[in-house]
Amino acid sequence: MPGSESEEQFEKVLSLLAEWIKGGIVNIKVDTDGDVDFDLPSEMGELLEAQIPPDLNREDVVSIIESEIPALIGAGLSENAKAWLERRLPDKLEEILDAMTARSGKAVEKLVDAKVTERVLLRKATSVYVVDGLRWKRGTYHLHAGKDRKIDVPHVSLEIRFSRPHSGQVLTLYRSDSTLTGSRKDDISVALELHKEDILQLAKDLEKIAEEQG
């Protein structure tokens, strides 16, 4: 169970994760509600074969990274880490509340820089939509161009999903298989069809905005 490993094991995993982030192997993600997560690469198993801490297996390390450390960062960035953890820790871990509180400080110190903190705070402060996901596929239109001439027009169908942080969940029942699926009540999706040149221009516009932020 995440949290039950020794301090030495935890600090080893934390140090490895910090190295992988610094090396660009693992990316830090900030989700819609401002919670931190990690984008682990497909070759994670190969990394762990050579670097796995003693007495832990690959599944243990991945669980610590995916379950424990994000929660510790959430606690470390809150106003009261101990109270934050106390509300969320399983009963089995209540006896190590102080140790977990100390771990939250270590996790923030090693993994969270100013930019990540800014992204988290922005998600928690904003009342407008944020981009929650992208999907795309390529296609071609076979179109008339006048005088019986036809041309093939390649394009990308791009779907952008927007979510409003802290907007609450709704359940949707699909009659086909009677399954319930949760989604945010304010989620919206916008579908676009773009030529490659449109995409390149959009990238330039976004790059310009980023440059102006310094």
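Residues that are farther than 14 Å from Ile28 by Cβ, within 16 Å of the chain's Cα centre (by Cα) and β-branched (Val, Ile, Thr) within segment 99-140 comprise Val130, Val131, listed in sequence order. Here segment 125-151 is the region considered, the condition is being outside any strand (DSSP E or B) and either among the hydroxyl-bearing types (Ser, Thr, Tyr) or at pLDDT 90 or above (or both), and the residue that is surrounded by the most Cβ atoms within 10 Å (Cβ to Cβ) is Tyr129. Would you confirm, using the coordinates I've provided, whether Ala50 is within 24 Å of Glu118 (Cα to Cα) and not basic (Lys, Arg)? Considered against the rule, which asks whether it is within 24 Å of Glu118 (Cα to Cα) and not basic (Lys, Arg), Ala50 comes out as no. A single member of Met44, Met100 is in the same structural domain as Lys29 (by TED's automatic domain parsing), at negative phi and in contact (Cβ under 8 Å) with a residue 60 or more places away in the chain, and it is Met100. Checking every residue in segment 34-54 against the condition of being under 26 Å from Arg184 (Cβ atoms) and of a type in the set (Val, Ile, Thr) gives at least one match.
Of the numbered criteria (1) under 23 Å from Glu86 (Cβ atoms); (2) surrounded by 11 or more Cβ atoms within 10 Å (Cβ to Cβ), the one Asp98 fails is (2).
Checking the structure you have, find out if any residue of segment 187-197 is in contact with a Phe, Trp or Tyr (Cβ under 6 Å, 6 or more places away or on another chain) and either surrounded by 10 or more Cβ atoms within 10 Å (Cβ to Cβ) or at pLDDT 85 or above (or both). Yes, segment 187-197 contains a residue that is in contact with a Phe, Trp or Tyr (Cβ under 6 Å, 6 or more places away or on another chain) and either surrounded by 10 or more Cβ atoms within 10 Å (Cβ to Cβ) or at pLDDT 85 or above (or both).
Does Val112 count as among the hydrophobic types (A, V, I, L, M, F, W, C), at pLDDT 90 or above, touching a Ser or Thr at 6+ places or on another chain (Cβ under 7 Å) and within 27 Å of Leu72 (Cα to Cα)? So Val112 fails the test.
Considering (1) under 30 Å from Gln213 (Cβ atoms); (2) in a helix (DSSP H, G or I), the lone condition that Ala102 does not fulfil carries the number (1).
The values are calculated or read from the model by the stated rules, or taken from the named source; none is laboratory data. These numbers come from a predicted model, not from an experiment. Virtual Cβ from ideal backbone geometry, glycine too; neighbours counted across all protein chains shown.
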